[in-house]
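Asker: Handing you this structure, nothing more for now.
The values are calculated or read from the model by the stated rules, or taken from the named source; none is laboratory data. None of these values were measured; they are calculated from a predicted model. Every residue, glycine among them, receives a Cβ derived from its backbone with ideal geometry; neighbour counts consider all protein chains shown.
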Amino acid sequence: MLFLKILIGLLAVGLGFWLGLPGRYEQTPAEIEKAMDRGGAKRNQVKKVFTPLDWLRKDERASSRRAQRRYFKTAAPERKD
């Protein structure tokens, strides 16, 4: 029974490594250059999606929350002579 659990664990780790490998790159450099010459595609604008959490924060929008952030500030150390 213990041997079976160890075997299943090793298979799971092996599957995880196999799924984590980078994909195969099948385009030739000529095809890449042709695609680059055509230009990029237009970027799609993100559609605003209403969620149930929006009912809790009706007055407070994300843009106003972003303006209230306080960023980390650094200061030079004081000299002690």
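Asker: Among the residues of the stretch 40-48, are any surrounded by fewer than 10 Cβ atoms within 10 Å (Cβ to Cβ), at negative phi and either over 28 Å from the mean Cα position of the chain (by Cα) or modelled with pLDDT of 80 or more (or both)?
Answerer: Checked against the condition, which is being surrounded by fewer than 10 Cβ atoms within 10 Å (Cβ to Cβ), at negative phi and either over 28 Å from the mean Cα position of the chain (by Cα) or modelled with pLDDT of 80 or more (or both), the stretch 40-48 yields no hits at all.
Asker: Additional query: Between residues in the stretch 69-81 that are surrounded by 10 or more Cβ atoms within 10 Å (Cβ to Cβ) and residues that are at pLDDT 75 or above, which pairs lie under 9 Å by C-beta distance while being six or more apart or on different chains?
Answerer: none
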